[in-house]
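Q: Quick one: the structure is below, and I'll ask about it shortly.
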Amino acid sequence: MQEIELKFQIPPACRPALSEALRDAAGATTRLRARYFDTEDRLLARSAFALRLRQEGEGWVQTLKGRGDGLMTRLEHNAPLGTDSGDAAPALSLECHAGTPAGAALVALLARAGRTPADLVLQFSTDITRTHAEVHADGAVVELALDVGQIAGGGQTLPVWEIEFELVRGAPAGLLSMAYLWTEAFGLWLDARSKAERGDRLARGVTQGDVLAVRPVDAAQPWPQQVAVALSPVLALVGDVADDLASPTQRVALAQALGVLAQTLRADAQAAGAADTVAALAGMVFDAAIWRRVETQALWLSLLAWSLPDAR
């Protein structure tokens, strides 16, 4: 299956109010302790896969995630492993994902690289307390999940305080609507970096991620696909820029990606105003505060709405 979700960071000053708001929405709390696996040369991470064993309450679940076919989607397959092992992690088994799109994609990746499941070793771990609740928005049901805890790897730890919006059922527009309301209320800022990506960096002792190639946009493609292609490298970098962690190379790449995005938007009459805003942002890649502003998040959410297959 594919999950549809967005992740946001939460400013420290807004964390108490957001936590209270989620509890008021009848949120439940679960402790999640996970172990992430990869080859020594990061084959999975370099190919946008994440493989983990996670203890959820008293039971264990093995999860495989891979790249989806949209900006808000990822391949995902969860395999419950029961409670027999107690606190001791059960053995990793790729057979749990047999017959699924994610499982087939991982098997093919390992085969192409000449690797076997025995090459998958523990890289980092997470210990998260999740407060979650389901809410209704514009005909959709969205799960809000506040994650607080830490990532541990490479002899270091990294604090986590973020909120995810995941579509349970209904149209993605409902998720975007809910995300905007909470962004406006609590100053959230969009962050495409997953825990797996951040843990991989921690294990390697680096702070910046890879720079995605800026792909040309094919004007013959449907409009939503053009927006998605142009927006993808932008969203991949905004987390590091907003966190003021981006390298000069990343910031230059972001400015280039914003230029391509602005050019794409100018080809559509309804998007001309957004194109000017995007072009202006290309000159502000060294100002982290700009990338955390509510107005900037509203721009990303609008562009994500335009990237949906049924946007036009």
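Q: Using all C-alpha to C-alpha distances in the stretch 192-302, build P(r) with 10 Å bins and read off the rounded percent in each one.
A: 14, 47, 30, 9, 1
Q: Next question. Of all the accessible heavy-atom surface of the stretch 190-312, with the other protein chains kept in place and a 1.4 Å probe, what percent is carbon and sulfur?
A: 54
Q: How big is the stretch 54-178 by Rg and Dmax over its Cα atoms, in Å?
A: 16.9, 48
Q: Just to check I understand the Karplus step: with θ = phi - 60° and J = 6.51 cos²θ - 1.76 cosθ + 1.60, what whole-Hz values come out for the stretch 4-12, glycine and proline as x?
A: 10, 8, 10, 10, 9, 8, 10, x, x
Q: Over the stretch 125-221, average the accessible area per residue using a 1.4 Å probe and give it in Å², no decimals.
A: For the stretch 125-221, the per-residue accessible area is 44 Å².
Q: Send over the semi-axes of the stretch 30-122's equivalent ellipsoid, whole angstrom and largest first, taken as the square roots of 5 times the C-alpha gyration tensor eigenvalues.
A: Output for the stretch 30-122: semi-axes of 22, 16, 12 Å.
Q: Taking R0 as 25 Å, what's the FRET efficiency between residue 108 and residue 69 from their Cβ-Cβ distance, rounded to 0.05?
A: 0.90
Q: Using the alpha-carbon atoms, what tilt in degrees (0 to 90, nearest 10) does helix 172-186 show relative to the longest principal axis of the chain?
A: It works out to around 80 degrees.
Q: Could you sort 284, 72 by accessible area so the largest value comes first, with the probe set to 1.4 Å? Intermediate results must be reported in sequence, preceding the final value.
A: On the way: 284 75, 72 15 Å².
These residues rank, largest area first, as 284, 72.
Q: Now for a different question. Go through 56, 5 and list them by solvent-accessible area, largest first, probe radius 1.4 Å.
A: Putting 56, 5 in descending order of accessible area: 56, 5.
Q: Express in Å², to the nearest 10, the accessible area of residue 136 obtained by rolling a 1.4 Å probe over the protein heavy atoms while all chains stay in place.
A: It works out to around 140 Å².
Q: Another question, then. When the distances between all Cα atoms of the stretch 118-250 are binned every 10 Å from zero, what whole-number percent does each bin get?
A: 11, 30, 35, 21, 3
Q: I'd like the Karplus ³J(HN,Hα) series for the stretch 96-101: coefficients 6.51, -1.76, 1.60, θ = phi - 60°, whole numbers in Hz, and an x wherever there's a Gly or Pro.
A: For the stretch 96-101, the Karplus-derived couplings read 4, 9, 4, x, 10, x Hz, x marking Gly and Pro.
Q: Let me ask another. Can you pull the percent of the stretch 1-118's accessible area that's carbon plus sulfur, 1.4 Å probe, other chains left in place?
A: Details: 3060 of 5840 Å².
Exposed carbon and sulfur together represent 52 percent of the surface.
Q: In degrees from 0 to 90, rounded to the nearest 10, what is the angle of the helix 15-24 Cα long axis to the longest principal axis of the chain?
A: Tilt of helix 15-24: around 70 degrees.
Q: Now a separate question. Given the whole protein assembly as supplied and a 1.4 Å probe, what does the accessible area of residue 73 come to in Å², nearest 10?
A: 30
Q: Let me ask something else. Once both labels are modelled 7 Å past Cα along the beta-carbon direction, what's the residue 218-residue 272 spacing in nm?
A: Here the modelled spin labels are 2.8 nm apart.
Q: Can you give the translational diffusion coefficient of the chain in µm²/s, computed by Stokes-Einstein from the Kirkwood radius over Cα pairs at 25 °C and 0.890 mPa s?
A: 120
Q: Working from the alpha-carbon coordinates of the stretch 18-64, get Rg over Rh, Rh being the Kirkwood radius.
A: Taking Rg over the Kirkwood Rh, I get 1.18.
Q: Could I ask something else about it? With an 8 Å cut-off on Cα pairs and a minimum separation of 6 or more residues, tell me the relative contact order of the stretch 111-208 in percent.
A: It rounds to 26 percent for the stretch 111-208.
Q: Right, next: When the convex hull of the C-alpha atoms of the stretch 1-82 is computed, what volume per residue in Å³ does it have? Could the numbers behind the result be given before it?
A: On the way: hull volume 12.0 nm³, N = 82.
Looking at the stretch 1-82, the number lands at 146 Å³ per residue.
Q: If you don't mind, another one. Taking only protein heavy atoms and a 1.4 Å probe, what accessible area per residue, in Å², does the stretch 9-56 have with all protein chains in place?
A: For the stretch 9-56, the solvent-accessible area averages 47 Å² per residue.
The values are calculated or read from the model by the stated rules, or taken from the named source; none is laboratory data. Only a predicted model underlies this, so the values are computations on that prediction, with no experimental measurement involved. No Cβ is skipped: glycine too gets one built from the backbone with ideal geometry, and neighbour counts run over all protein chains shown. To get the accessible areas, we keep the full protein, side chains included, count just its heavy atoms, and leave off ligands, DNA and RNA. Shrake-Rupley method; radii C 1.70, N 1.55, O 1.52, S 1.80 Å.
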